[in-house]
Structures are given as C-alpha cells and as structure tokens.
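Undergrad: Just passing along the structure, written as structure tokens.
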Amino acid sequence: MLTLKEKIGVIVGSRADLRAVKLGLMRMKRHEIPFRLLIVPPLQLDALKEWLRQAVDQGIQVFIVAQGGSALLPGFAAAHVHKPVIAVPLDTSPNHGDDALGSLAALPDGMDLVSTGLNDFRSALRTAVRILATSDDDYAETCAKIYDDLLSAQRDEELQLRQEFDDVLGDGGPRTMARKPFKPDPEEIAKAKAMQQGKGNREDPLRPAPKSSDNGRVYTVNAEDPDYSVIELAAEALLAGKVVCFPTETVYGLAADATNTKAVQALAALKGRRDNHPFTLMICNDQQLFRITARPPHSVVSRLDSFWPGPLTLVFEKAAGAFEHISADETIGIRIPDHLVALSILSAVDRPLAVTSANPSSEPPATTASRVLTYFPGDAPQVIVDGGPTISSEVSTVIRVTEEPFEILREGSISRDQLREIYGEEMFL
C-alpha cells in the first residue's frame, strides 16, 4: 500500500464552501491522498498568508482553493506562494457562482493559477495529482488509479445512457460492455442531495451544530475568534428575511437584509420606528460602497482607510433609486464596523445590512446580549449572537460628506475635537 506524502493544501472560504467540496475531500480520503485543510475566517488574510508560508515550508506543493462569492482567496494565494494554485469557483452565494467566476476571470495574466469549472473539485484534484506525478512516482501511480476510476465511471455512465435512450442513440456504439452496470453509491447520492437542499447541516461532522442558550435564540461566541457555524446560522437567518442581533465595536445592533423590503419593515416594527426614519447600511468592503453611492468625494475616498473600519457613519449621496426603503431622501448613511463578529456576518451574507442600535426607540442602546433579551423578550430578533459586552456604550459618530466642509450630524464614539485633531480643523463645520 502506498503511503503518500502530504503535498496538497486545500483552502475554503467558509463552512458553506466546505460542504460544497465535501464529496471531493471524501474522494481524496478514499484514494488515501493526504491533504492539509484550512477554512479561512472572513478578513483574516494575514492569518492565511502565514498559513501559506508554513505550508510551503512543510512540503505542500500544490494548493486547491475553493470559494464562492467574491472568490478573493485564489488570487491572494497565487500572489503569495510560488506554487501552483488551482481555483474552484463555487455556487455557494446568492449569485449562484457568477460572482466567483467573474472574480477569477478578472485576475491579471501571469499568475501561477488555473481554474476549473463551477463546483468541479474533481477536476482540481486530478490536476493537482497530475502535477505532483511529474516528480513523485507514488503520486504517478495514484494518478493512474484516479484516471482508471474516472474512465470506468465514464464508461458505466455511457452504458447507462445507451440503455435508457436506446431509441434515440440507435446503433451508434456498443450495446454491452465487459463491466457491471453503473450503480451510484446511495450514501454519497443522499449526502449530495442533502447538501444541495441545504439539509443535514446540523449532522455534518465537519460542522457541529451551534449551541444556543436555553431560550433558543442566543448563541455565544468568542468575539476574537467566532465560531463560524454561528456566523453562518446568523447569515442564513438574514438571507431568509429574519432580524438578527450582533455586537459591534460600539453597541449591539439589530440587522436585516437591506435588499429585502419586508425584512427592513420587520426591523422597523421591532425597533418601533416610523417608516420614514432612515436606517444605516453596514457593509464589509469599499467595493460595496461604490455600488451604493453616486459620487463619493475624492477627499473621502482617499481617507477611507483612516475612516473605516470604525465607529464612523458617513452620509453619502446615494445612487439614483437605490435603497429607497432604507432612506427616502437622496442620501444614505454607511459604515464598516470594526468588530470581527459583525464583519464575519457581513462577509457571509455578501450584501449590505440595514442596521440600528438594539433598543426600543425610547431606551438606551444595549451593550450586552442579556440587555437585548430584556428589551426584546418575544420571538424577534430570531438570532442573537452574544460576543460579550461591547467595548463602548456610545453609538457611532455620523458625518455628512456630500460636500466640504463636512458636517458632523451626531457625536458618538469619536468626538468633534478628535475628528478635528485627526483630519484638520478646516474639514468640518
């Protein structure tokens, strides 16, 4: 029996991505191909860079990077290792893989990177093994076995097709072959169907079910290293039109999918806010900002890295017709929070969230999950992510940046004097 050396690194962008490639990983185990696996937490690119360095130092020769959504990880990996990178775009985002394919197509020429078709982890595995086979005899033998298995499956599938469509195919080929009819593994078929339907997740050994408190709504996480199963649970609730509560660097926030009008209406009802009162949009990257706003001033764009992430809400002129159910006038408030739990949820949903402080309109903002429960003892918010007490009890500072000098609409975590000290007296009214 061959004992292969660990030479393949597998990187996925989320638990959803992991489920999408699980059958591929099972195939690697069936062929006794060792691999090193990393699930990259959102926005943890420094950690990925260090993991890549250590992996190369310890003998990893090829990387398979599977990701849905914006699919930034394959390009990042290819830019930081001088090893082959095989990208697998996944259909795990609301855009059904189009965004992942588009991101890979936009990568610059010259990178040591190839891409498979959508969800095609099997081709990525064959390519990785074939690369290793050029310099490792054991992998060359494994490569031959994989290709034999593939050829066998293709022949069995052809035979099955000819048997099912005999009247269409006619005499175009052999009617019988010297192998038994194609019989898919019922266990793998059931697992594949469960993953496609979004079922069976809680029984997945690679993804333990998140544990809630006795009331069934509160899920406790480490704010510095949140359990991604809880992040994914919150994201799934948001995408289903539910209201979710999570901590930020200021106070706890109530959030709803900003692209879902009914979800935003539910958020307003829970908050006790009149319909024409605007919500803030939370986003996780600058690219989302440019899709929402009309003409962000250059003086603001050039300072985005100093503004965000952080407790500053910037009020921009919004794009024509954008988010009218969030803000009825021509402007909209936007911020990128500086809290890993909030950023992880925003990255998982891959869309803006309408967010407001977690309190009834007549009460002070909540700084703990227990206070949120006191304020909202009913069924909503449907998910409360408890990341511990917030580091501040102040809400974010709000600045209108539609024209200069900028206008401070609300002082919060960052005072007027601090802003003037950082950015200059002349920038603010």
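Nothing in this text is a laboratory measurement; each read-out follows from the coordinates by a stated rule. Since this is a predicted model, take the numbers as computed values, not measurements. Heads up, the Cβs are rebuilt from the backbone with ideal geometry, glycines too, and the neighbour counts pull from every protein chain shown.
Undergrad: Using Cα centres only, tell me the gap between the range 1-52 and the range 280-304 in whole Å.
TA: 34 Å
Undergrad: Tell me, what HN-Hα J-couplings in whole Hz come from the Karplus equation 6.51 cos²θ - 1.76 cosθ + 1.60 at θ = phi - 60° for each residue of the range 57-65, using x for Gly and Pro?
TA: After applying 6.51 cos²θ - 1.76 cosθ + 1.60, I find 4, 9, x, 5, 10, 9, 10, 9, 10 Hz.
Undergrad: Pop the C-beta distance of Thr3 and Gln287 into the FRET formula with R0 = 45 Å and round what comes out to the nearest 0.05. Show your work: numbers first, answer last.
TA: Working: r = 45 Å, r/R0 = 1.01.
Efficiency, rounded to the nearest 0.05: 0.50.
Undergrad: Kindly write out, for the range 287-300 in residue order, the coupling ³J(HN,Hα) from the Karplus curve 6.51 cos²θ - 1.76 cosθ + 1.60 (θ = phi - 60°), rounded to whole Hz, with x marking Gly and Pro.
TA: These are the phi-based 3J(HN,Hα) values: 4, 5, 4, 5, 7, 9, 8, 8, 9, x, x, 4, 4, 7 Hz.
Undergrad: Moving on to the next point. Within the range 392-429, which residues have the backbone N less than 15 Å from the label spot 7 Å out from Glu330 along Cα→beta-carbon, could you tell me?
TA: Zone members listed by number: 401-404.
Undergrad: Tell me the volume per residue, in Å³, of the convex hull enclosing the alpha carbons of the range 1-86.
TA: Values: hull volume 7.0 nm³, N = 86.
Once divided by residue count, the hull of the range 1-86 is 82 Å³.
Undergrad: Could you run the Karplus curve 6.51 cos²θ - 1.76 cosθ + 1.60 with θ = phi - 60° over the range 239-245 and give me ³J(HN,Hα) per residue in whole Hz, x for Gly and Pro?
TA: Taking θ as phi minus 60°, the curve returns 5, 8, x, 8, 9, 10, 10 Hz for the range 239-245.
Undergrad: Can I ask one more? Taking the Cα atoms of the range 218-427 alone, what are Rg (to one decimal) and Dmax (as a whole number) in Å?
TA: Considering the range 218-427 through its Cα atoms, Rg and Dmax are 16.1, 48 Å.
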